[in-house]
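The values are calculated or read from the model by the stated rules, or taken from the named source; none is laboratory data. All values derive from a computational prediction rather than experimental measurement. Cβ: placed from backbone, ideal geometry, glycine included. Neighbour counts: every protein chain shown.
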Ligand code: AMP
């Protein structure tokens with residue numbers, strides 16, 4: 001497994017693999033790797049000849065009062081996990097490498113980026129689309145792997161890749177969860193033992209709404225109420241949003257159909273967690 005820190009080295013390593021006729025799979029991450037990330041790596045290994053993982057805590061997707069400074073950075077442990085899966089190339093650039101002095105060019109997707117997390121975290125998705133576009137230009141993968149955990153991000157990246165004509169297939173892999181339902185997240189490391197227990201409210205709320213949908217409830221307001229009832233029994237958890245939306249446009253829908261996205265965000269203490277489910281799936 002080769003580790004490179006610069007854009008030029010990354011380009012050279014990928015081009016070398018491509019010259020050998022290999023297909024390129026790409027898994028962008030912010031590090032602090034867990035089994036959710038590793039499921040993407042394994043999917044990439046299964047579908048591509050040469051797998052690139054990036055580790056970059058992207059400052060432009062953090063708001064001024066968010067957790068950029070304290071975001072977990074665990075490079076050595078990450079390196080070992082990627083090595084164990086036989087990843088071919090790790091790209092771990094510095095902030096200056098990705099945003100050279102004087103960089104003023106950003107990629108923005110309009111409308112869709114103002115919904116769900118985009119509404120709660122203004123500018124967040126501008127940072128995401130900008131860094132993902134840069135990474136796509138550097139790595140030029142055939143396939144890029146994202147997690148359904150960040151459902152809005154997956155929809156926005158898919159749209160950006162289409163709009164900007166990146167010849168890249170976007171693959172979205174299912175959410176990996178702890179045994180009690182909590183979706184794996186690098187931010188789970190912030191939770192105290194009590195908060196860790198409270199945090200299961202997110203997946204319990206989604207399960208409740210999913211079960212109502214399966215019993216025939218399609219009214220979005222009532223599905224949201226079902227989720228809210230679960231949160232009501234966990235007052236320490238503060239809901240940011242619960243929404244029933246079209247999974248591609250992220251626009252709210254009044255009636256759910258199979259594949260409609262039910263997404264939640266909630267604060268457990270000062271930690272903001274997100275989770276979602278595709279109804280009927
Ligand atoms: P991050 O390092 O948080 O930026 O995440 C990198 C990628 O891993 C993103 O595409 C996430 O959607 C994905 N990911 C994060 N958590 C999970 C999870 N629990 N299950 C599946 N994919 C995940």
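Every residue, every condition in (1) part of a helix (DSSP H, G or I); (2) over 27 Å from residue 124 (Cβ atoms); (3) more than 14 Å from the ligand (Cβ to nearest atom); (4) not assigned by TED's automatic domain parsing to the domain that holds residue 127, yes or no:
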{"position": "37", "(1), (2), (3), (4)": "yes, no, no, no"}
{"position": "44", "(1), (2), (3), (4)": "yes, no, no, no"}
{"position": "54", "(1), (2), (3), (4)": "no, no, no, no"}
{"position": "57", "(1), (2), (3), (4)": "no, no, no, no"}
{"position": "78", "(1), (2), (3), (4)": "yes, no, no, no"}
{"position": "83", "(1), (2), (3), (4)": "yes, yes, yes, no"}
{"position": "97", "(1), (2), (3), (4)": "yes, no, yes, no"}
{"position": "100", "(1), (2), (3), (4)": "no, no, yes, no"}
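Would it be correct to say that residue 238 is outside any loop (DSSP other than H, G, I, E, B), within 16 Å of the ligand (Cβ to nearest atom) and over 17 Å from residue 255 (Cα atoms)?
no
So for region 58-77 (the condition being modelled with pLDDT of 95 or more, surrounded by 18 or more Cβ atoms within 10 Å (Cβ to Cβ) and more than 25 Å from residue 119 (Cα to Cα)), does at least one residue qualify?
No: zero hits.
Quick check on this structure: which one of 250, 202, 223 is within 16 Å of the ligand (Cβ to nearest atom), crowded, with 16+ Cβ neighbours inside 10 Å, part of a helix (DSSP H, G or I) and not assigned by TED's automatic domain parsing to the domain that holds residue 147?
202
In region 1-35, how many residues are closer than 25 Å to residue 172 by Cα, assigned to a helix (DSSP H, G or I) and touching a helix residue (DSSP H, G or I) at 6+ places or on another chain (Cβ under 9 Å)?
The total comes to 3.
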